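One structure is given here, and the rest of the page talks about it.
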Amino acid sequence: MKGKNVSRRDFLRTMGVSSCLAGFPVTEMGSIINTLAPTGIPTLMDAGNKPLSLHEAMYYQKLGGQSIQCEICPRKCKVAKQERGYCGVKANYEGKYYTLVHSRACSVHIDPIEKKPLYHFIPRSSAFSMATAGCNMMCKFCQNWQISQVRPEQLKNVSLTPQQIIDVCKKRHVESIAFTYSEPVIFYEYMYDTAKLGSQQGVKSVMISNGYILKKPLQDLAQYLTAVKVDFKAYTEKFYQEICAGHLQPVLETLQTLKAINIWFELVYLMIPTLNDDLNNIQEMCNWIYKNLGPDVPLHFSRFYPQYQLVNLPPTPLSTLTKARQIAMDQGINYVYVGNVPRHGGENTYCPNCQQLLIERNGYFVLQNNINVRDKKGFCRFCSITIPGVWV
C-alpha cells in the first residue's frame, strides 16, 4: 500500500510520518533546491517534472577520452562520456562524474530501529529512514525493487538536504538516521555529507547495506557512522552471481574491514528455500563468522516470503530457521536471532553467561529490556557481564 498524497508544506512539516511507507516512492513532492547544470549539460527532470541534482561524485578517476572509472564499489564501472554507471544514479558529463540523487530522496519514513533490524542499538529508538533510487546489485528477491531497480528520473523525488534531515531528527527527537530501503552505497555522497553533519550535531547515523563497497570509501564513511547492518546474501559465489548479480569475496572483505574498524555491525541472512538454506553451508558460514568476526556479532536468520522474481518459492519453513540458529549457537556465536517471525523466541536477546532474558521483542516492539547502561556500556541486569552494542 502506497502512502497518501501530501503537499510539499505538509511533507516538510511531518517529514516521513505520513509521506510514504518503506520501499515505496514518495507520492507528491516539491523542489526546494533547483540545481542548475553547467553550460552544455542538460538538466534532468524526475517523474514529477522536478530537477535531479548534479553534484560531483567522490572516488573516481579520470581516464583517457573523457571516460572515468568509479571507485566506490567493487564493480569499478568504466563510464564513457554521457553514460552512467551500473547503479543508474551517476553519470559522466564532459569527463566529470556526477551523482544525480544528492539531496533527492524518493522514500522516507520514521521507523523503529528494530525494523532495520538492529537489535543491539538503542532499543525502542526511532530512525529517520531514507533512500534514493538505484542499487549496485540486482537481487531477484528484493523487497524494494520499485525503487532499487529503477533510475531516479522514473520516480517522484523530494529535495531534502542533509541539514533538513538533521533538523527533523532534532525536532521529533529521532535518535538516528538510517540510510536504507535501496542501497546507500550508490548514494554515497548524500549519505557521507548527511552522516558527517549529523555527527557534528549529535545525531547518529546507521547504514543498512549489502556490503558491496570498496575499503577506502568504507573507512572514510565509517568515521561518521555509529553502526552498520549488512545483508549477507549467502555464503556461496554461485548465489551471489546468479541471484544477486554480484560476488561474495568483496562482501567478506567488507565484513573484515568493519571488524578492523571496530564499528558496531550486525548481519542478516535471508534464508531462501532451495537457494541458500543448505545447513552444511550454514555451518561453514558460521565457522567463518566465528573465526573472522568473533562470537559477539549478532546474526539474524530471516524468514523469506515470495516476492519480486521469486514468487514461485515458498516461505522459509520455521524448522529451517530454528536449525540454522542452533548451528550458529553451537558454533559459539552468542547472539543469534530469528527474524520476520513475530512471537518467535528467537527474536529475544539472552545473556550468553546466565541465559536470562535480556530483551523481549514481538516484531518491532520491545516488551522488556533488562540491560543496564553505565558509562555508555551495556550490562546484564542479572549477572553484570558486558553485553556488546550501542545502548545510548
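Coordinate-derived values only; no laboratory data. Note that the coordinates shown come from a computational prediction; the quantities given were computed from them, not determined experimentally. FYI the Cβ positions are ideal-geometry reconstructions off the backbone, even for glycines, and counts take in every protein chain you see.
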Segments 142-152, 224-234 sorted - mean Cβ within 10 Å per residue, highest first: 224-234, 142-152
Residue separation between GLN256 and GLN61 times 0.36 nm, minus their alpha-carbon distance, gives in nm 67.6 nm
Once all Cα-Cα distances of the range 210-319 are split into 10 Å bins that start at 0, what whole-number percent is in each one? 13, 45, 31, 10, 0
Summing -39500 (n - 2.57) over the DSSP H runs of n ≥ 4 in the chain and dividing by its residue number, what mean residue ellipticity at 222 nm do you reach, to the nearest 500 deg cm²/dmol? -7000 deg cm²/dmol
Within the chain, longest stretch free of exposed GluC sites (Glu not before Pro) [DSSP loop, at most 15 other beta carbons within 10 Å]: 95-392
Solution diffusion estimate, µm²/s, Stokes-Einstein, the range 129-218, Kirkwood Rh from C-alpha pairs, 37 °C, viscosity 0.692 mPa s: 238 µm²/s
For the chain, built as a Gaussian network whose Cα springs stay under 10 Å, the top-fluctuating residue of HIS300, HIS173, HIS120: HIS173
Which aspartates and glutamates, on any chain, are close to LYS233 with Cα under 12 Å apart, when same-chain ones fewer than 8 places away are left out? GLU242, ASP277
Over every pair of different alpha-carbon atoms in the range 189-265, take the mean of 1/r and invert it; report that Kirkwood radius in Å. 13.1 Å
Which one, ASP375, ASP167, ASP277, has the greatest fluctuation when you compute a Gaussian network model over the chain with C-alpha springs under 10 angstrom? ASP375
Looking only at the range 104-387, where both bridge partners belong to it, what percent of the DSSP beta bridges are antiparallel (to the nearest 5)? 45 percent
Return one number: the angle in degrees, 0 to 90 and rounded to the nearest 10, between the long axis of the Cα atoms of helix 279-293 and the longest principal axis of the Cα atoms of the chain. 80 degrees
I need the fraction of alpha carbon pairs in the chain separated by more than 26 Å, rounded to a whole percent. 52 percent
